[in-house]
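Okay, structure first, notes after.
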Amino acid sequence: MSIEWKLRQIMAKNDVWTGSELLRLMEDKAGYSMSPASISALINDTPKLIRVETLDALCTALDCTPNDLVVHKSSFIGSMKTPRVISNNKQEKEVVNKRPLPPV
């Protein structure tokens with residue numbers, strides 16, 4: 001995966017060492033609550049998705065930005081399509097890659 005989740009590092013910078021401390025901070029500073037299981041999942045694994053409200057509460061509680069929590073590393077996903085052939089020939093211009101061209 002090309003996403004690095006840095007919640008543990010940001011927690012450590014703020015001297016927050018447990019999920020219960022983080023939950024307390026989120027409730028006190030952002031007025032946002034989560035279940036202990038949900039906060040544990042966020043701490044231990046990179047989330048596949050995260051609600052904007054949750055991200056906002058984490059950033060508010062830990063005094064950070066989303067860019068501090070999520071670091072993107074470029075990676076190539078998938079395979080390259082075959083390049084399209086474009087011709088100057090009028091007959092060939094009418095049909096490119098077996099599809100008619102849209103009207104101009």
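Every number here is computed from the coordinates shown, using simple stated rules; none is lab data. Quick caveat, the model's predicted, so the values are computed rather than measured. Virtual Cβ from ideal backbone geometry, glycine too; neighbours counted across all protein chains shown.
Stretched out fully, how many nm does the piece from VAL52 to SER33 gain, at 0.36 nm a residue minus the Cα gap?
On the way: separation 19, 0.36 × 19 = 6.84 nm, distance 1.38 nm.
Stretched fully, the VAL52-SER33 segment lengthens by 5.5 nm.
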- Listed peptides 38-51, 14-27 by packing density, highest first (mean Cβ within 10 Å): 14-27, 38-51
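Working out 0.36 nm times the residue gap between SER2 and ASN44, then minus their Cα-Cα distance, what length gain in nm do you get to one decimal? Please report the intermediate quantities before stating the final value.
Values: separation 42, 0.36 × 42 = 15.12 nm, distance 1.72 nm.
Additional length available on full extension: 13.4 nm.
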